[in-house]
Amino acid sequence: MVSKIELLIKEFVLGFGFLGGLFLKFNIDPEGAVIAAFTAVPGFSSLTQWSLLITIAGTGSSILGAWVLGGGLGLIAVGLAFVGGLLLPLPIGIFFLMGGVLLAPFAVRLNE
């Protein structure tokens, strides 16, 4: 079974935070790409009307999940990883990412 610390680090800090920062830096929208692929299939053309709602719901659930697992410090850890993804070619981006990963276990322990 995956511990809360591993879940916060893998799902939210690395997945939502760091990868989200990288995607923003390189102007990539993975949710948009998936929605565009589905709209090419007959019968799914109305999905484009729901794309903004799907994006907001996904982001909101990720923020809520980070809050439930790590509280305010968990959100700060995700934020640090996000900034690290934005600054990755620079060495300081690695330090922001490491800060988020190292802060996550403390956030879970303080939130229990």
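The values are calculated or read from the model by the stated rules, or taken from the named source; none is laboratory data. These figures come from a predicted structure and were not determined experimentally. Every residue, glycine as well, gets a Cβ built from its backbone with ideal geometry; the counts of neighbours run over all protein chains shown.
Scanning the stretch 69-105 for residues that are at pLDDT below 90 and surrounded by fewer than 15 Cβ atoms within 10 Å (Cβ to Cβ) yields 89, 90, 91.
Each residue in the stretch 79-96 was checked for being in contact with a Leu (Cβ under 7 Å, 6 or more places away or on another chain) and not in a helix (DSSP H, G or I), and 1 of them qualify. Answer yes or no as to whether residue 9 is on the phi < 0 side of the Ramachandran plot and in a helix (DSSP H, G or I). Against the criterion (on the phi < 0 side of the Ramachandran plot and in a helix (DSSP H, G or I)), residue 9 qualifies. Annotation for the stretch 39-59: no member residue is in contact with a Lys or Arg (Cβ under 6 Å, 6 or more places away or on another chain) and either charged (D, E, K, R) or assigned to a helix (DSSP H, G or I) (or both). Quick check on residue 59: is it surrounded by fewer than 16 Cβ atoms within 10 Å (Cβ to Cβ), more than 30 Å from residue 110 (Cβ to Cβ), of a type in the set (Val, Ile, Thr) and at pLDDT below 90? In short, no. Please list, ordered by first then second residue, the pairs with beta carbon atoms under 6 Å, 6 or more apart or interchain, first in the stretch 39-63 and over 28 Å from residue 14 (Cα atoms), second among the hydroxyl-bearing types (Ser, Thr, Tyr) and modelled with pLDDT under 75. Within 6 Å, the pairs are 39/45; 39/48.
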